[in-house]
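Below you'll find the structure, written out as structure tokens, and then a few comments.
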Amino acid sequence: MISAHQQRLHDRVLEAPVVPAPSAWRLVGDWRVPVGGLLGIGFAVDPRSGHDLVMTVSTSGHGLFDAVTGEKIARDRDPDDDSCTPDTTPDLTCPGLGPVAGSRIHIAGLFGGGLHSGTRDGWTVTVASPEWPSHRVLLVKASGLHRGTHEEDWWHVLHANYSEFRAAGFSPSGHTLAVATSSDLTLWSRTAAGS
């Protein structure tokens, strides 16, 4: 049994259509980046440009994407079997590649782990599943979901009803929001954490 308040929240989320993120956030690339067999994602920082990087771990290898441009900057189709998936290490990490080779990247997704659910300046991401197994990803400013209005205080930015949900969260800088499903990666970026 759920309370009347919980029922109202359930109905609000269920009725909200998918909309573009607010103007502070820019969709990176052409919507979804296909990554078949995606298991999880993690963040790093490009030591050259300072851009957020997103590492993907899939059944067909590892990839590294620039979260500002969407460009794939490194790919390893045949990673070392002993560390190619995060479940092989106690801290759910995989070896970095490209400009972050030599480091370990924490991966969130099928095997657990987590990404940042909020930013320093008050943005949060909420994943709701009022019609499980479909997942709705909500970008929320302050406490907008509970008291605010859709498209003013919270935005339903992705409805994962086509593939299995893996992870959603912000980069440590708060400049990137990433959503991963078993088939793709979707990124939003902003230029400054205060935007």
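On full extension, the segment bounded by Thr149 and Thr69 gains 25.7 nm, given 0.36 nm per residue less the C-alpha separation.
Would you compute, from DSSP H runs of 4+ residues alone, the mean residue ellipticity of the chain at 222 nm, taking -39500 (n - 2.57) per run and dividing by the full residue count, rounded to the nearest 500? Write down the numbers at each step before the final one.
Details: 2 runs with 16 residues, N = 195.
Only helices count here, giving -2000 deg cm²/dmol.
Shown here are the Rg and Dmax of the Cα trace of region 1-86, at 18.1, 53 Å.
Extension gain, Ala142-Thr89: 0.36 nm per intervening residue step, less the Cα-Cα distance, totals 15.5 nm. Relative to its residue count, region 76-150 spans a Cα convex hull of 157 Å³ per residue. Short-range pairs are left out: with C-alpha atoms under 8 Å and at least six residues apart, the relative contact order of the chain is 25 percent.
Any idea what log10 I(q)/I(0) is at q = 0.18, 0.19, 0.20 Å⁻¹ for region 140-195, Debye with uniform C-alpha scatterers and no solvent? For the requested q values the scattering log ratios are -0.74, -0.81, -0.87. Report the residue, chosen from Asp66, Asp153, Asp81, that carries the largest GNM mean-square fluctuation when the chain is represented by alpha-carbon nodes joined by springs under 10 Å. With Cα springs under 10 Å in the chain, the top fluctuation among Asp66, Asp153, Asp81 is at Asp81.
Where the only charges are on Cβ atoms (+1 Lys, Arg; -1 Asp, Glu), what is the dipole of the chain about its Cα centre, to the nearest 20 debye? Please list the in-between numbers first.
Values: 15 positive and 21 negative charges, 101 e Å.
The dipole magnitude comes to about 480 debye.
I'd like to know which of Ile105, Val157, Ser182 lies farthest towards the positive end of the charge dipole of the chain, counting +1 on Cβ of Lys and Arg and -1 on Cβ of Asp and Glu. After comparing all options, I get Val157.
Diagonalising the gyration tensor over the Cα atoms of region 96-137 and scaling each eigenvalue by 5 before taking the square root yields semi-axes of 27, 17, 8 Å, largest first. According to the calculation over all Cα-Cα pairs in region 49-195, the P(r) per 10 Å bin from zero is 11, 39, 35, 13, 2 %.
Give me the number: length gained by fully extending Glu131 to Asp30, i.e. 0.36 nm times residue separation minus the C-alpha to C-alpha distance, one decimal in nm.
Values: separation 101, 0.36 × 101 = 36.36 nm, distance 2.70 nm.
Gain on extension, Glu131 to Asp30, equals 33.7 nm.
Could you identify which residue out of Phe165, Phe111, Phe65 has the top mean-square fluctuation in a GNM of the chain using Cα springs shorter than 10 Å? Of the options given, Phe111 has the highest mean-square fluctuation.
Bear in mind these aren't lab numbers, they're just calculated from the coordinates by the rules spelled out. This is a predicted model, so every value here is computed, not measured. For neighbour counting, all protein chains shown are included, and Cβ atoms are generated from backbone atoms with ideal geometry for every residue, glycine included.
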